Amino acid sequence: MNAPSRLNAGVASAAQPPAGASQRYCYQPIDDVAQCAVDLAEECALAIAYNGMSQAVMMISPADLEDFVVGFSLANGFVESLDDIYDIRLHGSGSARRAELDIASRAFWRLKQQRRQLPGNSSCGLCGVEALEQALPRLPVMPAAPLPPSHWLQDLRQRIEAFQPLGRDCGAVHAALFMDANGEIRLGREDIGRHNALDKLIGAMARSGCAAAGGLAIVTSRCSLELVQKVQRAGIPALVSLSSPTGLAAQWAQRHNLNLIHTLPIRDMKREIAELIALRPNADEFLAALRHTGKRVVLITNAHRDSLSLKLEKIELAPWFDRLISSHDYGYPKEEPQFWHALRQDLEFEPARALFIDDSLPILRSAQRFGIVHLLAVREPDSRRAPKDTEEFAAVDDYLDLIRSLHGGPA
């Protein structure tokens, strides 16, 4: 059997496309004598077999194949958990690949009972189903779960760009992402097929031990019934779709207690989120006191410029800051080390002398790894929710305490 690493995986950085997922091609522009280069997303045929029995041939992006076969197995109900998969062997290269899985006897018996042959199709996850009962299976109702707080979804379309390197460079792919119970995007996977992208995500979650409880899946593609069923089987309590769901998908989600959320573009969200945009108590007094010290004050955000402009319409931030910087200006989110290098090159600041305040622990840890010494977390980023544990970081409870520390008083 292969090494256990086939079944377990860590969470990798999303800054670069996976190796082999794209290649550079040359093309000849019309009315131009010089050739140009372009990166195009690749695809291959992947044959999947369980215990020696051929099950499906899928057209797929040739990256994260272990994640895909695990997620494909879980999301289609072929196995109940990662423990049912004993081994994964990958063979082939180029446009023809093969995955052989050894699974538990009980899972293999169940697979043979519900046997279906899926054609090599990257667009329709129900093609090849032999019976109506397989398209509309009896799945257990999920435990009722609260809706995620609305601020988790603010700037979502812009935030997920950092987890779509293949889409950014090549286009022609869908993405599926997972946001954990703290509102942080933990994983992202891309593929030419929307079902494949979600299967890869589910497989990556299983292999990395990423808990589904309290989190949500995000898909950039059309949201139809089979995507809802995959998320339900994975035990993820909410699904966010950037495209409108079908009526049947919405009905199924409602009957099975799955929170199905459709996000609108920034221009359409303006009225809905305007009332949520406000300064924290005493933040304006702190910013005024900070300005009076003569220190340079910079706002850096992962929000897109369009979203930042919306916030500036609601609250007057610009007078308090020397610069307003969106991470989209640099092409990397604050979670990535490349952002901090670009920021230092732009601002020419000394990390050891800088103070950085943020409400995201992963971002604070990224700043800490870069060398920023003075770090503060925001204990209560949402006044409608309970304060959170800021773990290893000192926390801001009241900006008045920071004002007193600026004047040399007890904080």
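For (1) surrounded by 14 or more Cβ atoms within 10 Å (Cβ to Cβ); (2) at pLDDT below 90; (3) part of a strand (DSSP E or B), each residue gets a yes or a no:
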site: E316; (1), (2), (3): no, yes, no
site: P319; (1), (2), (3): no, yes, no
site: A352; (1), (2), (3): no, no, no
site: F356; (1), (2), (3): yes, no, yes
site: S366; (1), (2), (3): yes, no, no
site: P387; (1), (2), (3): no, yes, no
Exercise for the section: Please tell me if E380 is within 28 Å of the chain's Cα centre (by Cα), at negative phi and in contact (Cβ under 8 Å) with a residue 60 or more places away in the chain. Expected result: no
Exercise for the section: Name, by its number, the condition in (1) loosely packed, with under 13 Cβ neighbours inside 10 Å; (2) basic (K, R); (3) at pLDDT 80 or above that does not hold for R233. Expected result: (1)
Problem - Test for R98: is it farther than 23 Å from H256 by Cβ, at pLDDT 95 or above and either in contact with a strand residue (DSSP E or B) (Cβ under 9 Å, 6 or more places away or on another chain) or surrounded by 14 or more Cβ atoms within 10 Å (Cβ to Cβ) (or both) - result: no
Practice task
Determine which member of the set F321, F393, F370 is aromatic (F, W, Y) and closer than 14 Å to V297 by Cα.
Solution key: F321
Practice task
Could you grab the pairs with beta carbons closer than 8 Å, sequence gap of 6+ or different chains, first residue in the stretch 144-173 and more than 21 Å from S307 (Cα to Cα), second one in a helix (DSSP H, G or I) and among the hydrophobic types (A, V, I, L, M, F, W, C)?
Solution key: V173/L166; V173/A197
Practice task
For the stretch 57-95, name all the residues that are of a type in the set (A, V, I, L, M, F, W, C), assigned to a helix (DSSP H, G or I) and surrounded by 18 or more Cβ atoms within 10 Å (Cβ to Cβ).
Solution key: L65, F68, V69, V70, F72, L74, A75
Problem - Scope the stretch 193-210; condition hydrophobic (A, V, I, L, M, F, W, C) and assigned to a helix (DSSP H, G or I); matching residues - result: A197, L198, L201, I202, A204, M205, A206
Completion exercise
Considering the stretch 152-192, residues that are touching a Phe, Trp or Tyr at 6+ places or on another chain (Cβ under 7 Å) and in a strand (DSSP E or B), and then whichever is nearest to E43 (Cα to Cα), we arrive at A175
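The values are calculated or read from the model by the stated rules, or taken from the named source; none is laboratory data. Nothing here was measured: the structure is a model prediction, and the numbers come from that model. Glycine gets a Cβ as well: all are built from the backbone with ideal geometry, and neighbour counts include every protein chain shown.
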